[in-house]
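Read through the structure below, which is laid out as structure tokens, and then see the notes.
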Amino acid sequence: MKHKILLVEDDVAINDMVKGQLTKEGLEVVQAFDGEEALGVFANDVFDLILLDLMLPRLDGMEFLKIIREKSMIPILIMSAKDGDLDKALGLGFGADDYIPKPFSMIELTARVKAAIRRATHYSRTEQKGEQEKKVLTAGELTIDLDNFALLKSGREIKLTAKEFHILKLFISHPSRVYTKAQIYSLVWEDDYYGDENVINVHMRRLREKIEDDPSKPRYIKTLWGIGYKLGEF
């Protein structure tokens, strides 16, 4: 069965080019050229991934993303030339999974799309099996429930995006290990690292804002300058 993608891009030439490439790769692509059209298409079909430009007419990509996230956890890959939009799209309340900066190569775009679908399929199968015993990890005042994807700090629930949860889980599961940005991306996104630090930087900053008493002086996730990150000592 072919995986189906909703492609939302107002530039007709780019939209057609991307559709042509992904179709060659064996994917089914449904096109939309503005945010309102995309909402209608999404409501009447089932998709495995949304490929989304943020600069859209009628309903912009950020609003579209917010509406979709209220009803679905479908993987969403952002296409954008603006770093400021990236920060918002990956942040609290929006929850895009990944992004690829414009201009992009079709080889990289195809790899990102396939990796996102592969991750979503893997997570779905894992949840359906339901065979793992319940696990709870702690670090300082943090308690992370691996089965229920929940985080408590001193008994108070903290809402994390899926990527933030998996980053924190990575550090708490291996408290003495130092991770480079490339290793974090490879393990959490399950994809090759292309050297773009923005995705890691945004997620790390957002995570610290949620779990740290003072994000400018982090206790839980320490930075080792020039190397990477590790869990603090508790």
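When a 1.4 Å probe is rolled over the protein heavy atoms, the share of accessible surface on the range 141-234 that falls to carbon and sulfur comes to 50 percent.
Ranked by solvent-accessible area (1.4 Å probe, protein heavy atoms only, all chains present), the residues 2, 153 order from largest to smallest as 2, 153. Residue 208 contributes an accessible area of around 30 Å² to the protein surface, as traced by a 1.4 Å probe with all chains present. Adding -39500 (n - 2.57) for every DSSP H run of four residues or longer, then dividing by how many residues the chain holds, sets the calculated 222 nm ellipticity at -13000 deg cm²/dmol. At a probe radius of 1.4 angstrom, the accessible area of the chain per residue rounds to 51 square angstrom. Springs between Cα atoms under 10 Å define the GNM used for the chain, and in it the highest mean-square fluctuation of 98, 53, 213 occurs at 213. In order along the range 135-141, the phi-based Karplus estimate (6.51 cos²θ - 1.76 cosθ + 1.60, θ = phi - 60°) of 3J(HN,Hα) comes to 10, 10, 10, 10, 8, x, 8 Hz; Gly and Pro are listed as x. Restricting attention to the chain, close to 45% of DSSP beta bridges with both partner residues there are antiparallel. For the range 16-23, the Karplus equation 6.51 cos²θ - 1.76 cosθ + 1.60, evaluated at θ = phi - 60°, returns couplings of 5, 5, 5, 4, x, 5, 5, 5 Hz by residue, with Gly and Pro reported as x. Of the whole protein surface, residue 216 contributes about 90 Å² of accessible area at a 1.4 Å probe radius.
Rounded to the nearest 10 square angstrom, residue 192 shows an accessible area of 110 square angstrom against a 1.4 Å probe. Distance between the 7 Å Cα→Cβ label points at residue 66 and residue 21: 3.0 nm. With the cut-off at 31 Å, report for the chain the share of all Cα pairs above it, as a whole percent. Everything past 31 Å amounts to 25 percent. Highest average first, the peptides 9-16, 222-229, 71-78 ordered by how many other beta carbon atoms sit within 10 Å of their residues are 71-78, 9-16, 222-229.
The values are calculated or read from the model by the stated rules, or taken from the named source; none is laboratory data. No experiment lies behind these values; they were computed from the predicted model shown. FYI the Cβ positions are ideal-geometry reconstructions off the backbone, even for glycines, and counts take in every protein chain you see. With ligands, DNA and RNA removed, areas are computed over all heavy atoms of the protein, side chains included. Shrake-Rupley method; radii C 1.70, N 1.55, O 1.52, S 1.80 Å.
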